[in-house]
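The values are calculated or read from the model by the stated rules, or taken from the named source; none is laboratory data. Predicted model only: the values in this text are computed from it and were never measured. Here the Cβ positions follow ideal geometry from the backbone for every residue, glycine too, while neighbour counts run over all protein chains shown.
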Amino acid sequence: MDGMHDLGGKQGFGRVRYTLNAPAFHASWEVRANSLYALAVRRGLFNMDEYRHAIERMEPRHYLSAGYYERSLTGCATLLVEKGLVTHEELERRAQGRFPLAAPAAEGRSNHPASQPLRAGDRVRVRADYVPGHVRMPGYIRGKTGVVVSESPTYPFPDAHAHGVASQDEPTYDVRFRSEDLWPGSAEPALVHVAVFQSYLERIA
Amino acid sequence: MEAIPPKQVFQRTASIEERVNAVQAVLQEQGGDAAAGLADLDHSAQQEWVPQNGARVVARAWSDPAFRARLLADGRAAVAEMGLPMPKHHRHLVVLENTATVHNVICCTLCSCTAFTLIGLPPDWYKDFEYRSRVVREARTVLKEMGLDLPPETEIRVWDTTADTRYMVLPMQPAATVGWSPERLAAIVTRDSMIGVARL
Ligand SMILES: [Fe+3]
């Protein structure tokens, strides 16, 4: 989905709020929120793709205003409700207040029918797909051309795995893009490497 | 028969701590030993998955050319040799070697992915919208703002962690540290140098 989470190349954000040796956690509830989703994954209540997609489905104003661990907790709670482990009402009764959850999921999809193995050196184009469900293609590479550098082991296909749709595992390719091709006339020169699932790619001459 | 309580409608949003406690109660009622599982994960997140792991890997790569070659060829197998197994779903570790002319930097524009068992759970700035939106498009400026002013001739490579392949930067060894013991070397390797927003 073309959600609020897909931030690569968005303009208007200011300086990185960088501090040396910034801690990973600021409060004990953040540690616990992190462990809650991890425990649910460890127990097989949901998988990482479902978890990432639940966060992506947060209402955009909530996504932008929540800190990282609130997004994590919201994704986890949304899935516990969707999996039937608790009702939204029961969560609110326990919390004694409103408990905002993410919006419902749209449909997932399986591997692209024309998905084919690629090799280092192949020139590839990212398919111009627009999908309503989970996808791990950042919008900034859609339709863009790059070069395959290397191949990973196979992984579950996220577009399917986040939605309980049957699919084949497939590799991702390390695809190298030029920033000037991604944002013509409006990027600083750099090489941008993206791990791209095979289904998202087509070889070009 | 137990009476069903009427649906409660709340005017206030529960505090984040109240929401955390509500979710925790649900997992605890699932059975199993949730308290022990959570305590174990709290411990791992704060004590086990720390940048000192990656620092040991970097120090060894600087000191042991054969290990360095194995690390660059198959990162996951090489760190496992050092007793640093990665989570099952991180099936691939790509180690990115900085040189005098190439500088690598890691990000995750879609969420917050990192090789957290090696370089620690990421700091706020890595997960913030500023870094995620800007570093792929204006890396040189972002790095400069963060205190890393690279020479104009240095090629910048940005790695967006959009799948479960994980990345770690192998920083350049400072010339003054050649010949140091691996323990002494590990002490100078920072998390931010392994993300690639700092040089040593
Ligand atoms: Fe991520």
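Name the single residue, out of those in segment A:35-66 being free of Cβ contacts under 8 Å to residues at least 24 places away in the same chain and not basic (Lys, Arg), that is farthest from B:PHE116 (Cα to Cα).
Residues of segment A:35-66 that are free of Cβ contacts under 8 Å to residues at least 24 places away in the same chain, as a first pass: A:35, A:38-39, A:41-44, A:48, A:61, A:65-66.
So of that shortlist, the ones also not basic (Lys, Arg) come out as A:35, A:38-39, A:41, A:44, A:48, A:65-66.
On the way: A:SER35: 14, A:ALA38: 13, A:LEU39: 16, A:VAL41: 16, A:GLY44: 21, A:MET48: 15, A:SER65: 25, A:ALA66: 22 Å.
Going through the qualifying residues, I end up with A:SER65.
Within segment B:119-130, the set of residues being away from the ligand (no atom under 12 Å from the Cβ) and assigned to a helix (DSSP H, G or I) comprises B:ILE119, B:ASP124, B:TRP125, B:PHE129, B:GLU130. The one condition from (1) under 18 Å from the mean Cα position of the chain (by Cα); (2) buried (at least 18 other Cβ atoms within 10 Å of the Cβ) that A:ALA95 does not meet is (1).
Hey, among the residues in segment A:102-121 that are surrounded by 18 or more Cβ atoms within 10 Å (Cβ to Cβ) and out of contact with any Lys or Arg (no Cβ under 9 Å at 6 or more places or on another chain), which one's farthest from A:GLY133 (Cα to Cα)? Once the filter is applied, the top-ranked residue is A:SER115.
Within segment B:143-200, the set of residues being within 16 Å of A:VAL192 (Cβ to Cβ) and touching a Gly at 6+ places or on another chain (Cβ under 6 Å) comprises B:VAL169 only. Residues considered: A:ASP49, A:ASP2. Of these, the only one that is part of a loop (DSSP other than H, G, I, E, B) and more than 7 Å from every other protein chain (Cβ to nearest Cβ) is A:ASP2.
Based on what the data block shows, is B:LEU41 in contact with a Ser or Thr (Cβ under 9 Å, 6 or more places away or on another chain) and more than 8 Å from chain A (Cβ to nearest Cβ)? No: the conditions fail for B:LEU41. The C-beta contact set for segment B:119-132 (first residue more than 7 Å from every other protein chain (Cβ to nearest Cβ), second residue modelled with pLDDT of 95 or more and in a helix (DSSP H, G or I), distance under 6 angstrom, 6+ apart or interchain) comprises B:ILE119/B:PRO51; B:ILE119/B:GLY54; B:ILE119/B:ARG191; B:ILE119/B:MET194. Put simply, of A:GLN168, A:GLN198 the only residue that is more than 21 Å from B:CYS108 (Cβ to Cβ) and either buried (at least 22 other Cβ atoms within 10 Å of the Cβ) or not small (Gly, Ala, Ser) (or both) is A:GLN168. Condition check for B:ARG137 on (1) facing chain A (nearest Cβ under 8 Å); (2) in contact with a strand residue (DSSP E or B) (Cβ under 7 Å, 6 or more places away or on another chain); (3) in a loop (DSSP other than H, G, I, E, B); (4) away from the ligand (no atom under 16 Å from the Cβ): one failure, at (2).
Across segment B:96-118, the number of residues qualifying as away from the ligand (no atom under 14 Å from the Cβ) and either outside any loop (DSSP other than H, G, I, E, B) or surrounded by 21 or more Cβ atoms within 10 Å (Cβ to Cβ) (or both) comes to 8. Assess whether B:GLY32 counts as being of a type in the set (Gly, Ala, Ser), part of a helix (DSSP H, G or I) and facing chain A (nearest Cβ under 10 Å). Considered against the rule, which asks whether it is of a type in the set (Gly, Ala, Ser), part of a helix (DSSP H, G or I) and facing chain A (nearest Cβ under 10 Å), B:GLY32 comes out as no. Just one of the listed residues (A:THR145, A:THR74, A:THR87) is surrounded by fewer than 16 Cβ atoms within 10 Å (Cβ to Cβ), out of contact with any Gly (no Cβ under 7 Å at 6 or more places or on another chain), of a type outside the set (Asp, Glu) and under 30 Å from B:ALA22 (Cβ atoms), namely A:THR87.
For segment B:151-200, a residue qualifies if it is polar (S, T, N, Q) and within 16 Å of the ligand (Cβ to nearest atom), and the qualifying residues are B:THR161, B:THR162, B:THR165. Once segment B:13-32 is narrowed to residues that are over 28 Å from the mean Cα position of the chain (by Cα) and among the acidic types (Asp, Glu), the residue that is modelled with the lowest pLDDT is B:GLU29.
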